[in-house]
Amino acid sequence: MNKQEIINNVSTLLQEIPTSMEIVKDDSKREKRFNYLATYMVEKALEKDALIVSPDGKGIAILFRTNSKDKNFWKDTIMDLKLALNVTGIKKGLKAMKTQGYVKSQRPKEGDYLYCWFWGIISDARGSDDAKTAYEMKNKFYAISKDLQLPIYAETRIRRIAIAYQRYGFELFNEWDHPSGDKMYFLRYFPPPK
């Protein structure tokens, strides 16, 4: 599967996620804006060796190794400005940054961890294959977590996704009343010792 196909799939999946639907500016360039965001995400994942694609190419995840001190201020600020101009618009961008402050505060303050920034399965692979693709990807996450002996952190605003994470062994450690009016679920997984 080539990079452009992955970007196209991520762009499609982003249009199903409440947070990205809220932050992407709703105008005549909306499709282009989702594509810009998807390109940004895939490029960042490749740069950090964080991209996981299922064998059939229908499941895509971004799993970063990071910590609370992992900040490249100027680079992040420039990217935030580019995202604001090309994806969110300034007003929505500022609103999203405020929400992100709380979301980030739920992650570890010390030490490295894995952060599941994105995980989605293309709709035509859902149904009977969905469980298989998601299960295979979950096994890959867990293998990385166990090998590195690092926990995995994730959040979602989709209840059925939170339940699926829990079914796969994640622990729900916080629920938050998101400013949009729905709930955000914070989950984590601790690997067994080697």
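The values are calculated or read from the model by the stated rules, or taken from the named source; none is laboratory data. Note that this is a predicted model, so its numbers are computed, not measured. Cβ placement follows ideal geometry from the backbone for every residue including glycine, while neighbour counts extend to all protein chains displayed. Remember, those area values only see protein heavy atoms, side chains included, never the ligands or the DNA or RNA. Shrake-Rupley method; radii C 1.70, N 1.55, O 1.52, S 1.80 Å.
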In the range 173-187, anything closer than 24 Å to residue 112 by Cα and open to solvent by 60 Å² or more (accessible area, probe 1.4 Å) is listed as 175
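Given the structure, is residue 110 without any contact (Cβ under 8 Å) to a residue 60 or more places away in the chain and either acidic (Asp, Glu) or in contact with a Leu (Cβ under 6 Å, 6 or more places away or on another chain) (or both)? Before the answer, list the steps.
Numbers: without any contact (Cβ under 8 Å) to a residue 60 or more places away in the chain: yes; either acidic (Asp, Glu) or in contact with a Leu (Cβ under 6 Å, 6 or more places away or on another chain) (or both): yes.
Considered against the rule, which asks whether it is without any contact (Cβ under 8 Å) to a residue 60 or more places away in the chain and either acidic (Asp, Glu) or in contact with a Leu (Cβ under 6 Å, 6 or more places away or on another chain) (or both), residue 110 comes out as yes.
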Residue list for the range 13-38, filter: touching a residue at least 12 places away in the same chain (Cβ under 8 Å), under 20 Å from residue 159 (Cα atoms) and not in a loop (DSSP other than H, G, I, E, B):
13, 14, 18, 19, 20, 22, 23
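Quick one: would you say residue 58 is modelled with pLDDT under 85, closer than 20 Å to residue 133 by Cα and not aliphatic (A, V, I, L, M)? Lay out the reasoning, then the answer.
Values: modelled with pLDDT under 85: yes; closer than 20 Å to residue 133 by Cα: yes; not aliphatic (A, V, I, L, M): yes.
For residue 58, the condition - modelled with pLDDT under 85, closer than 20 Å to residue 133 by Cα and not aliphatic (A, V, I, L, M) - is met.
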Can you run down the residue pairs with Cβ atoms below 9 Å, 6 or more apart or on separate chains, where the first is in the range 138-158 and on the phi > 0 side of the Ramachandran plot and the partner is open to solvent by 40 Å² or more (accessible area, probe 1.4 Å)?
149/193; 149/194
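Considering only residues that are open to solvent by 50 Å² or more (accessible area, probe 1.4 Å) and either aliphatic (A, V, I, L, M) or in a helix (DSSP H, G or I) (or both), look in the range 39-52 and name the one that is farthest from residue 144 (Cα to Cα). Don't jump to the end; show me each part of the working.
First, the residues of the range 39-52 that are open to solvent by 50 Å² or more (accessible area, probe 1.4 Å): 43-44, 46-49.
With the extra rule that they be either aliphatic (A, V, I, L, M) or in a helix (DSSP H, G or I) (or both), the set shrinks to 43-44, 46-47.
Values: 43: 21, 44: 19, 46: 16, 47: 18 Å.
Looking at residues that are open to solvent by 50 Å² or more (accessible area, probe 1.4 Å) and either aliphatic (A, V, I, L, M) or in a helix (DSSP H, G or I) (or both), I get 43.
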Name the single residue, out of those in the range 164-186 being assigned to a loop (DSSP other than H, G, I, E, B) and closer than 15 Å to residue 151 by Cβ, that is modelled with the highest pLDDT.
170
What number of residues in the range 5-18 are more than 13 Å from residue 60 (Cβ to Cβ) and open to solvent by 50 Å² or more (accessible area, probe 1.4 Å)?
1
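Pick from the range 111-135 the residues that are modelled with pLDDT of 85 or more and farther than 21 Å from residue 67 by Cβ: which of them is surrounded by the fewest Cβ atoms within 10 Å (Cβ to Cβ)? Let's see the steps before the verdict.
Our first condition is that a residue be modelled with pLDDT of 85 or more; within the range 111-135, this holds for 111-121.
When the remaining residues are screened for being farther than 21 Å from residue 67 by Cβ, the result is 120-121.
On the way: 120: 19, 121: 21.
Ranking the qualifying residues of the range 111-135, first place goes to 120.
Does residue 157 meet the test of being touching a His at 6+ places or on another chain (Cβ under 7 Å), open to solvent by less than 80 Å² (accessible area, probe 1.4 Å) and farther than 13 Å from residue 61 by Cβ? Walk me through it before giving the result.
Working: touching a His at 6+ places or on another chain (Cβ under 7 Å): yes; open to solvent by less than 80 Å² (accessible area, probe 1.4 Å): yes; farther than 13 Å from residue 61 by Cβ: yes.
In short, yes.
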